[in-house]
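Reviewing the structure listed below.
The values are calculated or read from the model by the stated rules, or taken from the named source; none is laboratory data. Just so it is clear, the structure is predicted and the values come from calculations on it, not from any experiment. When we count neighbours, we look across all protein chains shown, and the Cβ atoms used for this are built from the backbone with ideal geometry, even at glycine. Side chains are part of the model used for accessible areas, which takes the heavy atoms of the whole protein and leaves out ligands, DNA and RNA. Shrake-Rupley method; radii C 1.70, N 1.55, O 1.52, S 1.80 Å.
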Amino acid sequence: MRIPWAVLLLIAISAVGRPQEPVSGAAPLRANQRRHIIDVVVENVRRYYFDRALASRTADALRSHQAAGEYANKNGADFAALLTNHLREASGDIHLGVDYFSDPLPLHRPEPSPQDSARRRAQLEQINCTIARAGILPGNIGYLKFDFFPELSICAKPFAAALQAIDGADAVIFDLRDNRGGMPDTVSFVASYLFDQPQYLFNPREAPTAHSWTQSPVAGSHLAHKRAYILTSATTMSGAEEFSYNLKMLRRATLIGERTAGATHSGVFHRIDAHFGMGIPEVKSLNPYGKQDWEGIGVEPDLKVSPSDALETAKKIAMSNAY
């Protein structure tokens, strides 16, 4: 499985904060810089985009904009934004885009060394794989708060233990208000506990794979028929949105809080030069719900409340069984 660049970056910085957002450089790019970037973008779209016919039309559209002089006198951020607009306008694909970064991008995609892997394992073990709390609240309501979907190879046991800790509850609350995403196989792992048969989980980053289906039912778990609630906020991101979106669309959980961040981090990242890169969907995902995913718009909760009120609201609803 190829992990999107943005997810790799999020893994690397998850303990210390978010990656720096692309920022604007003041000076306009030189003509030869713009020409080189457009050449690479066009080549990458033709070579990697999953729909070859649409790729050709999109590349031709960029060349038309270039010939019309529309990219002249643009700084880095504005140039990337205009390229992105034209790519999406021509293709209709909101997951295709170009980013400008003020800090130089590494020449190669970072591959973790054994030391890095050991450090990552120790880091996750020290923070209990981001699991902040797992237990039973008054009223026999299970409560599980975790702030990332980390690597399953490291965190399967802690997550299994956390889910076991809420197994005897009458209803369960998943607190994802501070969850910034993570790994698709961990999303599937957690969701597996909530179904009594395998369910397909839509992931806009990839075509269906083995972990696109939950490994349900989970032996020894009693959560499949328990009422479920998910707490969301504007900082609920990426993999946490995947979890929320699918459980909402499958009518398996009630979302309470505010609209999520709208960050899919879709596509495989391609470095263009030291300051430009682009995301390209290289495979066609399968959305069985016939609706747009959460890129740029977020996942809408079933019940809109302030994130600070979401837990108390969920507890009251769970206890009354009225929602």
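The figures follow:
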| quantity | calculated |
| --- | --- |
| Qualifying residue in the stretch 181-196 (condition: in a loop (DSSP other than H, G, I, E, B), open to solvent by 50 Å² or more (accessible area, probe 1.4 Å) and either closer than 27 Å to LYS284 by Cα or aliphatic (A, V, I, L, M) (or both)) | no |
| Selection from the stretch 248-274 of residues that are open to solvent by 60 Å² or more (accessible area, probe 1.4 Å) and touching a strand residue (DSSP E or B) at 6+ places or on another chain (Cβ under 6 Å) | ARG271 |
| Single match in ARG119, ARG133, ARG88 (criterion: assigned to a helix (DSSP H, G or I) and either among the β-branched types (Val, Ile, Thr) or farther than 30 Å from THR58 by Cβ (or both)) | ARG119 |
| Test: ILE94 is of a type in the set (Val, Ile, Thr), surrounded by 12 or more Cβ atoms within 10 Å (Cβ to Cβ) and farther than 30 Å from LYS316 by Cα | yes |
| In the stretch 208-226, the residues that are surrounded by fewer than 18 Cβ atoms within 10 Å (Cβ to Cβ), touching a residue at least 60 places away in the same chain (Cβ under 8 Å) and not polar (S, T, N, Q) | PRO208 |
| So PRO204, is it in contact with a Ser or Thr (Cβ under 8 Å, 6 or more places away or on another chain) and open to solvent by 30 Å² or more (accessible area, probe 1.4 Å) | no |
| The stretch 1-52: number of residues that are open to solvent by 60 Å² or more (accessible area, probe 1.4 Å), at pLDDT 50 or above, assigned to a helix (DSSP H, G or I) and closer than 30 Å to ALA210 by Cβ | 3 |
| Which listed residue is polar (S, T, N, Q), at pLDDT below 95, open to solvent by 40 Å² or more (accessible area, probe 1.4 Å) and out of contact with any Asp or Glu (no Cβ under 9 Å at 6 or more places or on another chain), from GLN115, GLN66 | GLN115 |
| Any hit, the stretch 79-92, residues being of a type in the set (Lys, Arg), within 23 Å of the chain's Cα centre (by Cα) and at pLDDT below 90 | no |
| Top-ranked residue of the stretch 141-166 - restricted to ones that are part of a loop (DSSP other than H, G, I, E, B) and open to solvent by 10 Å² or more (accessible area, probe 1.4 Å), ranked as farthest from THR236 (Cα to Cα) | GLU151 |
